[in-house]
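This is the structure, below, for whatever I ask next.
The values are calculated or read from the model by the stated rules, or taken from the named source; none is laboratory data. What you see is a predicted model, and the numbers here were worked out from it, not measured in a lab. Positions of Cβ are backbone-derived with ideal geometry, glycine not excepted, and every protein chain shown enters the neighbour counts. Just the protein is used for accessible areas: all its heavy atoms, side chains included, with ligands, DNA and RNA removed. Shrake-Rupley method; radii C 1.70, N 1.55, O 1.52, S 1.80 Å.
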Amino acid sequence: MLSSKSRLFTKQFSSQAKRLQSILVIAEHDNKKLLPITQNAITAAKKLGGEITVLVAGVQCKPASDALAKASGISKILVAENEAFKGFTAESLAPLIVDVQKKSNFTHIVSGASAFGKALLPRVAAKLDVSPVSDVIGIESPDTYIRSIYAGNAIQTVTAKDPIKIISVRGTNFEADNLEGGSTTQETVSADSSKSDLTEFISQELSKSDRPELTSAKVVVSGGRGLKSGDNFKLLYDLADKLNAAVGASRAAVDAGFVANDLQVGQTGKIVAPDLYIAVGISGAIQHLAGMKDSKTIVAINKDPEAPIFQVADYGLVADLFKAVPELTQKL
Ligand SMILES: Cc1cc2nc3c(=O)[nH]c(=O)nc-3n(C[C@H](O)[C@H](O)[C@H](O)COP(=O)(O)OP(=O)(O)OC[C@H]3O[C@@H](n4cnc5c(N)ncnc54)[C@H](O)[C@@H]3O)c2cc1C
């Protein structure tokens, strides 16, 4: 039991400790705009407390850095431009981040736990000789973080003792910062050392869709092996159109070739937490649940009343999807 004096000291110490934090957030963007995960990472950085700097590195990336200029609670935006950042490879960005870190001595480096962050942060951590903490879902204090393990079946609390904490945060667990209410200066940083002989970016092909992006959509309609073919996914696209929803899939549906693998939701796919998740013909294997069980409302349509998906569903419909889905779409 702490005495009131030591409680006061602890309180003062923790608020002082928070003030002493200096956090570098690595922005994820496509040069023209910020990707939503950056807003989640900024919220996580604010929970750490302390001064926040955001690094925007790219090629002609001013529109992306401008999107941060009115954010509140950010001390500085660092902008680094170099042709080497084409394709945002970890090999070209890591030396820049190490340089920036050496000059400014941040206590924390934070990014989203996206494919970008997952490729970049371990490389930066290795160069700085510290252990990164990945996939953080909650922040207890500047050095203690909550993360999920075993496909979301256990929650771990970790205290990082390294002098520099490098963490990636799961976007769905931190509200998006609204990037409003302030004004922040932008500063150009040199990116001369950022060349890599290890990799060369050649090109990328992005799938185009008029539907909302899967990880940030408010409504997601997902299909599983129960759909039986790629053509039958049309039933889900029709339903998604009525709800302005993104379409997702189980791994079984992806492996069977019904849809492309960028639609996969789950442990080895995307993590989503929309307001409404409709699982159609999906059994509810733990690896699928790992990617969607934080959704606010879960609806399951499955003909098997014993399907595990019903254990996490708020609303369950035991029915043949080939009858239920067209009926639902028509009623909507
Ligand atoms: C290391 C590892 C990682 C994995 N990662 C992922 C991941 O990221 N995402 C993921 O989804 N899975 C993942 N899996 C696979 C996972 O274990 C399951 O195999 C997969 O999720 C099953 O997909 P499904 O529910 O579509 O298929 P099934 O389990 O075959 O379920 C199909 C469901 O459709 C129902 N159904 C069939 N016909 C109809 C009908 N006419 N009307 C209504 N319902 C119908 C059935 O009752 C059944 O419940 C992973 C597995 C491993 C080992």
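Sequence-distant or interchain residues sharing an amide H contact under 5 Å with Thr297, placed H: which?
Placed amide hydrogens put Leu276, Tyr277 under 5 Å from Thr297.
Another question, then. Any chance you could give the angle, 0 to 90 degrees and rounded to 10, that helix 233-243 forms with the longest Cα principal axis of the chain?
60
From Cα coordinates alone, what are the radius of gyration and Dmax values for segment 84-135 in angstrom?
In Å, with Rg to one decimal and Dmax whole: 10.5, 28.
Return one number: the angle in degrees, 0 to 90 and rounded to the nearest 10, between the long axis of the Cα atoms of helix 4-20 and the longest principal axis of the Cα atoms of the chain.
It is inclined by approximately 90 degrees.
Next question. Once neighbouring chains are kept in place and the probe is 1.4 Å, which whole percent of the accessible area of segment 72-156 is contributed by carbon and sulfur?
Values: 1740 of 3600 Å².
Roughly 48 percent, rounded to a whole number.
Moving on. Return the carbon/sulfur percentage of the accessible area of segment 187-240, one whole number, probe 1.4 Å, all protein chains in place.
Roughly 47 percent, rounded to a whole number.
Then there's this: Which three numbers, in whole Å and largest first, are the semi-axes of the equivalent ellipsoid of segment 58-117 derived from its Cα gyration tensor as √(5λ)?
Taking √(5λ) for each eigenvalue gives 18, 17, 13 Å, largest first.
Right, another one. Quote the Stokes-Einstein diffusion coefficient, in whole µm² s⁻¹, for segment 18-194, based on the Kirkwood radius over alpha carbon pairs, a temperature of 37 °C and a viscosity of 0.692 mPa s.
It comes out at roughly 207 µm²/s.
For the chain, build the charge dipole from Cβ charges (+1 Lys, Arg; -1 Asp, Glu) around the Cα centre, then report which of Leu120, Ser131, Leu206 sits farthest towards its positive end.
The residue sitting farthest along the positive end of the dipole is Ser131.
Using only the alpha carbon atoms of the chain, find the Kirkwood hydrodynamic radius as the inverse mean reciprocal pair distance, in angstroms to one decimal.
On the way: mean 1/r = 0.0466 Å⁻¹.
Across the chain, the inverse of the average 1/r is 21.5 Å.
Continuing with the same structure: Enter the accessible area per residue of the chain (Å², integer; probe 1.4 Å; all protein chains in place).
Ligands and nucleic acids excluded, the result is 52 Å² per residue.
Of Ala151, Ser168, Ser92, whose Cα points farthest to the positive end of the dipole of segment 18-194 (charges on the beta-carbon: +1 Lys, Arg; -1 Asp, Glu; origin at the Cα centre)?
Ala151
Taking K and R as +1 and D and E as -1, what net charge do the other residues with C-beta under 11 Å from the C-beta of Ala319 add up to?
Net of charged neighbours comes to -1.
Counting helices only, and only those DSSP H runs with n ≥ 4, report the 222 nm mean residue ellipticity of the chain as the sum of -39,500 (n - 2.57) divided by its residues, in deg cm²/dmol to the nearest 500. Could you put the intermediate results ahead of the total?
Values: 10 runs with 99 residues, N = 332.
Theoretical 222 nm ellipticity from helices: -8500 deg cm²/dmol.
Another question, if that's okay. May I ask you to evaluate 6.51 cos²θ - 1.76 cosθ + 1.60, the Karplus curve with θ = phi - 60°, for each residue of segment 85-94 and list the ³J(HN,Hα) values in order in whole Hz, giving x for glycine and proline?
7, 4, x, 6, 6, 4, 5, 8, 7, 4
Further, regarding this structure: With springs only between Cα atoms under 10 Å, which of Pro95, Pro163, Pro36 fluctuates most in a Gaussian network model of the chain?
Among Pro95, Pro163, Pro36, the largest GNM mean-square fluctuation belongs to Pro163.
If you build the Cα gyration tensor of segment 214-331 and take the root of 5 times each eigenvalue, what three semi-axes come out, in whole angstrom, biggest first?
Rounded to whole Å, the semi-axes are 17, 16, 15.
Quick check for me: using +1 on Lys/Arg Cβ and -1 on Asp/Glu Cβ, what's the dipole size of segment 214-331 about its Cα centre, in debye to the nearest 20?
The calculation lands at about 60 debye.
Follow-up. Let's see if you can work this out: charge +1 on each Lys and Arg Cβ, -1 on each Asp and Glu Cβ, no other charges. What is the dipole magnitude of the chain about its Cα centre, in debye to the nearest 20?
Values: 37 positive and 35 negative charges, 193 e Å.
The calculation lands at about 920 debye.
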